[in-house]
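Just so it is clear, none of the values below were taken in a lab; they were calculated from the coordinates. Everything numeric in this text was worked out from a predicted model, so none of it was measured. Using ideal geometry, Cβ is built from the backbone for each residue, glycine included, and neighbour counts are taken over all protein chains shown.
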Amino acid sequence: FPQNAPAELTKTYPTLARFCHDQRLEYKRLYHRKFYSDKMSLQVFDLDVRCRRLKEVGFEFDRALAQWYDKYHELVEYRNNNGHARVRRKENASLYHWVKVQRRRRKGNQQLVKLSEAQMTLLDNIG
């Protein structure tokens, strides 16, 4: 498995983790081929259809963005369970650091990629 695949996914659902990894690789190959070629073979067409169907059901081909949404959902769950989103390091160090980085990204820290408008809206709606 890729080194930075979520550990929980690879341990609990190794087949699903492999499937996600393979789909992301195929997606990259597909769009590389489509960019450099005017013709679409039957194999490329089938891959294109599969990728479009995965997008329709919400599959995220960008692994970094998928991991962002995983942490976002973890924060929502934390908020629902605790009544606030002020994560303490001793309660959940991983989520604490993620929230800290998101605050820095929102402020426009030059060393980090700025949050998108959609990401800011999602985080604002948590409260």
Counting pairwise Cα distances across segment 82-127, what percent come out greater than 13 angstrom? 59
Low-density loop positions, GluC sites (Glu not before Pro), segment 32-123 - DSSP coil, at most 13 other Cβ in 10 Å: GLU91
Between their Cα atoms, which of LYS71/LYS114; LYS71/LYS100; LYS28/LYS107 are more than 23 Å away from each other? LYS28/LYS107
25 °C / 0.890 mPa s Stokes-Einstein diffusion coefficient of segment 51-105, Kirkwood radius on C-alpha pairs, µm²/s: 197
